[in-house]
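Heads up, the thing below is written out as structure tokens.
The values are calculated or read from the model by the stated rules, or taken from the named source; none is laboratory data. What you see is a predicted model, and the numbers here were worked out from it, not measured in a lab. Neighbour counts are summed over all protein chains in view; Cβ atoms, including those assigned to glycine, are modelled from backbone coordinates with ideal geometry. The accessibility values were calculated without ligands, DNA or RNA, using every heavy atom of the protein model including side chains. Shrake-Rupley method; radii C 1.70, N 1.55, O 1.52, S 1.80 Å.
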Amino acid sequence: MVLTRVVSNGLNHISATVAKKCSINGRLSGVAPVSCGVPQGSNVGPLLILVYINDLPNCLRSASARMFAGDTNITYAASAIADFENVVNSELRKLICWLVINGLSLNVAKTEFMVIELNQRILLTRITKLILKSTANR
């Protein structure tokens, strides 16, 4: 790995030139340079992800986003389940657009959706049901 220090616009940047190979179906690729990204385990990684996703709450109109490190919690309250469903689906569509524009994706396998009613009954479900319903309505 070769580290290069660059000063631009008054900010110090450290860029790394790394060569990598990958294996797909047992076949190893040739060596190719990796020109972007942050090495896994880097101290600067958590800071950079926060800077990168800092504007995520701006894509939401009705829901609130709370972010900690790489995790985001989006909350919304409604008095009627139909209103809740419409707003949450709308906010999810906005979130998905933001993710696409920023070159990111939602890890659906690690995403959960929880509804808490006034009588303290909790409904926990996978978010795929809500997303699938919202994309089917297009």
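Of note:
- The number of residues in the stretch 52-76 being open to solvent by 100 Å² or more (accessible area, probe 1.4 Å) and within 17 Å of Ser105 (Cα to Cα) comes to 3.
- Some residue of the stretch 77-96 being out of contact with any strand residue (DSSP E or B) (no Cβ under 9 Å at 6 or more places or on another chain), within 29 Å of Lys20 (Cα to Cα), open to solvent by 40 Å² or more (accessible area, probe 1.4 Å) and assigned to a loop (DSSP other than H, G, I, E, B): no
- Qualifying residue in the stretch 109-130 (condition: surrounded by 12 or more Cβ atoms within 10 Å (Cβ to Cβ), under 19 Å from the mean Cα position of the chain (by Cα) and modelled with pLDDT of 90 or more): no
- Residue match in the stretch 46-59 (condition: in a strand (DSSP E or B) and modelled with pLDDT of 80 or more): no
- Residue in the stretch 32-40 that is modelled with pLDDT of 85 or more and loosely packed, with under 14 Cβ neighbours inside 10 Å present: no
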